[in-house]
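Nothing in this text is a laboratory measurement; each read-out follows from the coordinates by a stated rule. The shown structure was predicted, so the numbers you read here are calculated from the model rather than taken from an experiment. With ideal geometry, Cβ positions are generated from the backbone for all residues, glycine too; neighbour counts draw on all protein chains shown.
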Amino acid sequence: MLTQYHHSEIPAALSKLAKTFRLAGWVGFWVQLVMALGAAIALLLALSGQAFANTSSNTGLSIFWAVGGIALLVVGILFNVRYIRIAKGLRHEPGGLLHPRRTGAIHLLRLGALAGFAGILLSLFGAGTSVGILVAKTVSQPPGVAILDPNKIVRAMDVFVVLANITLIAAHLVGTVIAFWLLDRIHHYHYSHPYTIHATLE
């Protein structure tokens, strides 16, 4: 049940599908991991700048959305790990415990796309809120006049929050694109090789 195909015994279509899942999983994992670290660093810089400035900030809601976006991005990274495991499972005997089912793989990819959409939505809320704050501060600054209220000054922490949310939008977009691409590959191989794929990935 847990025996693994020899490379010469793996159907060509199934081997190509396994390589596609493996490549997409690793690319998504590293790209989203790097972007998650970048967004987290930007948020930490914003929070530390606010602490050192010892002033109230209007970016609290933007930071809240960004934290939610990072949490969903961690979920997206875990989905990429599952894609890699599916690639390994495709090399095992059909019907075995480690061999993935087509319906299960499609369900997982749909959940991955849904998580990506939710992350994009949260990050868009955060980016919209932070950009609105920057615009309001910029418009309220009269040229050539000293600003006495520090909360009306555009500070680096405000820019870091915008950067974090934009990075999260891009990261979630990567995860969503990968999920839809893998869904397309499954359907493509299923209809192009109905006997091979139906017998091995069902």
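What to note about this one:
- Separation in nanometres of the label points that stand 7 Å from Cα toward Cβ, at LEU121 and ALA156: 3.6
- Here the spin labels are modelled as points 7 Å beyond Cα on the Cα-Cβ line, and at LYS88 and VAL131 they lie 4.1 nm apart.
- Extending 7 Å from Cα along the Cβ direction at HIS107 and again at PHE180 yields two label points whose distance is 2.4 nm.
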